[in-house]
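Remarks on the structure that follows.
Derivation of every value follows stated rules applied to the coordinates shown; laboratory data play no part. Being a predicted model, the structure only gives us computed values, none of them experimental. With ideal geometry, Cβ positions are generated from the backbone for all residues, glycine too; neighbour counts draw on all protein chains shown.
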Ligand code: SF4
């Protein structure tokens, strides 16, 4: 986190000797803040002050990297408590377990299921980020790692407290920079060197927040900073409380042993309860969430919850303005207009698809706001819609000159007919009524 000139000034000698080539210490602090000077240009700054400055300038929470290549995951590095303060930067990773005690065929099926778990949601492709291989004992972890390497490109979480099993698995998959989960009080002396040797991030696992701190201090003593923290919490109240305390200690107190992203392994036997654990952890403030459930009806809500938390609240999600086909429309198909706010656009698209009437959508650029918001802000006017009709050559795409306006902005009908020369039909206020509207207009389902 960048320091201001005033914050830097506190660490300088304040003698205004000018040996740094600048007249005063404050002026030098300003150059440092603007990155126009280096601290060693002041020969009088003490080693202690240098260290304090470095500590103060360090990010409050480490950023940890898992995996390599296209599926690489960055975790942590967050700087705020609430997404509206700025935004959250690195989405929580979703890991789903694979029990390596299962027969190879079932392991392979599960891995392939997770690899293929992709969900198209308001224009974003969402899915599972990590495969969490649970050590089934008897050398099964290494077999799981081998199968994952053959059938998936997703990064791995190696879940074992046995350093020997971990080392065997690393021999197979260390190139993919898996997350090692993890080090406990009993095995940290063996796990830390493994993480270092294979250059992999490591989860520190304890059964309470208090017992996590000495583990983290031990890791810091071994010069390890690619760490995640797991307090072992399962009760939702404790998950929330531990996560909040860790973030508070990292951001407000800069307490180094807790200045790392977290991992929450949700293990409630009831899938719905497990979803509650996971959603609660995603909302506040897990870096990685591990779940056992792999069914679409659980994964889709989870990845949707995560997307909602990690989108930038100051930038509405948008589709590109333009003309989009829904179904396989031809030149006689109806044209409906809406805004380029993703949620609005995909609602309209979904309702057109349900109606089975192929149609074109003219998505108007309203900076990603909904129909009524855009109209109230003056971003959805007859002139703007007419400009889009021209800009995207709508007349060349259809044989008619009829456009359907959202019912909520029926007031634009007359002006838009004047501006565009098109016949404007007023559609329903809610897109859920489009099927009935199409029937009334004689537009047939195909
Ligand atoms: S050399 Fe150091 S002490 Fe002297 S003016 Fe520059 S910042 Fe201040």
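Could you tell me how many cubic angstrom of Cα convex hull volume the range 216-260 has per residue?
Measuring per residue, one finds 62 Å³ for the Cα hull of the range 216-260.
What fraction, in whole percent, of alpha-carbon pairs in the range 56-148 exceed 16 Å separation?
66
Please check: in the Gaussian network model of the chain (C-alpha springs, under 10 Å), which one of 45, 98, 357 has the largest mean-square fluctuation.
45
So how tilted is helix 104-115 from the main axis of the chain? Cα-based, degrees 0 to 90, rounded to 10.
60
Considering only the range 1-148, what is the antiparallel percent among its DSSP beta bridges, to the nearest 5?
60
Evaluate the Debye formula for the range 63-310 with equal point scatterers sitting on the alpha carbons, no solvent, and hand back log10 of I(q)/I(0) at q = 0.09, 0.10, 0.11 Å⁻¹, in q order, two decimals.
Values returned for q = 0.09, 0.10, 0.11 Å⁻¹ are -0.34, -0.43, -0.52.
Which ordering of 50, 315 is given by a fewest-first count of other beta-carbon atoms within 10 Å?
With the sparsest Cβ surroundings first, the list reads 315, 50.
Evaluate the Kirkwood expression for the hydrodynamic radius of the chain, namely the inverse of the mean inverse distance over all pairs of different C-alpha atoms, and round to one decimal in Å.
One decimal place: 25.6 Å for the Kirkwood radius.
Taking the Cα atoms of the range 322-441 alone, what are Rg (to one decimal) and Dmax (as a whole number) in Å?
12.8, 34
Only bridges with both residues in the chain count here: give the DSSP antiparallel percent, nearest 5.
That works out to approximately 25 percent antiparallel.
Where does each of 162, 189 land when they are ranked from fewest to most other beta-carbon atoms within 10 angstrom?
Ranking 162, 189 by Cβ neighbours within 10 Å, fewest first, gives 189, 162.
Name the residue, out of 93, 408, 136, whose mean-square fluctuation peaks in a Gaussian network model built on the chain with Cα pairs under 10 Å.
Answer for the Gaussian network model of the chain: 408.
Can you give the FRET efficiency for residue 68 and residue 413, using 1/(1 + (r/R0)^6), R0 = 45 Å, r = Cβ-Cβ distance, to the nearest 0.05?
0.20
Can you give me the three principal axis dimensions of the range 237-316 from its C-alpha atoms, in Å, biggest first?
40, 35, 17
For the residues 242, 85, what sequence is obtained by ranking on other C-beta atoms within 10 Å, fewest first?
85, 242
Give me the extension gain from residue 244 to residue 432: residue separation times 0.36 nm, minus the current Cα-Cα distance, reported in nm with one decimal.
In short, 63.6 nm is gained.
Round to the nearest 10 and give me the degree value, 0 to 90, for the angle of helix 236-251's Cα axis relative to the longest principal axis of the chain.
The angle comes out near 70 degrees.
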